[in-house]
């Protein structure tokens with residue numbers, strides 16, 4: 001199991017918890033995503049991706065992409081890591097770091113992974129990295145603006161719509 005404890009102090013600001021991670025924690029998280037990338041199973045695309053997900057209880061779950069000959073049955077690294085965390089009982093996340101072999105640009109999650117991350121909140125951090133360890137920090141909300149999430153499912157719906165012409 002890739003569940004590692006990663007200690008990080010949380011700062012309480014006006015009753016809210018800040019997810020501000022130390023540079024050392026971000027560096028470790030990005031390193032873990034690059035290590036996870038080494039386990040990728042990608043014989044068709046040869047595009048390795050790794051992810052390291054930090055939960056609010058300071059555990060890290062890693063994941064890598066796993067391809068399949070039936071292409072749509074593959075799973076991305078981000079969804080792999082989140083699914084592992086969910087299966088172990090975690091539901092709230094501080095951050096996820098994503099790694100690939102791209103040198104000239106930062107890896108970015110696909111649309112499906114953005115929606116999958118959105119399921120667990122808008123305001124957690126996503127670190128998009130390069131092999132040299134450099135990164136860009138975004139939030140889920142920045143990656144998927146004007147999104148549809150669990151809150152919209154509970155909104156009152158109109159079931160009988162009559163249109164007068």
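In region 110-165, which residues are touching a helix residue (DSSP H, G or I) at 6+ places or on another chain (Cβ under 8 Å), surrounded by 15 or more Cβ atoms within 10 Å (Cβ to Cβ) and in a helix (DSSP H, G or I)?
113, 114, 116, 117, 118, 140, 143
Given the conditions (1) touching a helix residue (DSSP H, G or I) at 6+ places or on another chain (Cβ under 9 Å); (2) part of a helix (DSSP H, G or I), which single one is not true for residue 44?
(2) is the only condition that residue 44 fails.
Any chance you could count how many residues in region 75-107 are in a helix (DSSP H, G or I) and touching a strand residue (DSSP E or B) at 6+ places or on another chain (Cβ under 8 Å)? Break it down stepwise before answering.
To start, the set of residues in region 75-107 that are in a helix (DSSP H, G or I) comprises 77-87.
Subset that is touching a strand residue (DSSP E or B) at 6+ places or on another chain (Cβ under 8 Å): 77-85.
Matching residues across region 75-107 total 9.
Would you mind finding the one in 9, 72, 68 that is at pLDDT below 95, farther than 18 Å from residue 130 by Cα and not in a helix (DSSP H, G or I)?
Numbers: 72 fails: not in a helix (DSSP H, G or I); 68 fails: at pLDDT below 95.
Going through 9, 72, 68 in turn, just one is at pLDDT below 95, farther than 18 Å from residue 130 by Cα and not in a helix (DSSP H, G or I): 9.
Can residue 81 be described as closer than 19 Å to residue 44 by Cα, in contact (Cβ under 8 Å) with a residue 40 or more places away in the chain and under 11 Å from the mean Cα position of the chain (by Cα)? Write out each step before concluding.
Numbers: closer than 19 Å to residue 44 by Cα: no; in contact (Cβ under 8 Å) with a residue 40 or more places away in the chain: yes; under 11 Å from the mean Cα position of the chain (by Cα): yes.
Against the criterion (closer than 19 Å to residue 44 by Cα, in contact (Cβ under 8 Å) with a residue 40 or more places away in the chain and under 11 Å from the mean Cα position of the chain (by Cα)), residue 81 does not qualify.
Quick check on my filter: what residues within region 86-97 are touching a residue at least 40 places away in the same chain (Cβ under 8 Å) and crowded, with 18+ Cβ neighbours inside 10 Å?
Correct list: 93, 94, 95, 96, 97.
Output the qualifying pairs, or none if there are none: Cβ atoms under 6 angstrom, residues six or more apart or on different chains, first residue in region 139-165 and closer than 18 Å to residue 53 by Cβ, second residue part of a loop (DSSP other than H, G, I, E, B).
Correct list of pairs: 139/123; 140/122; 140/124; 141/122.
The values are calculated or read from the model by the stated rules, or taken from the named source; none is laboratory data. Computed from a predicted model, the values in this text were never measured in an experiment. Ideal geometry is used to build each Cβ from the backbone, glycine not excepted, and the neighbour counts take in all protein chains shown.
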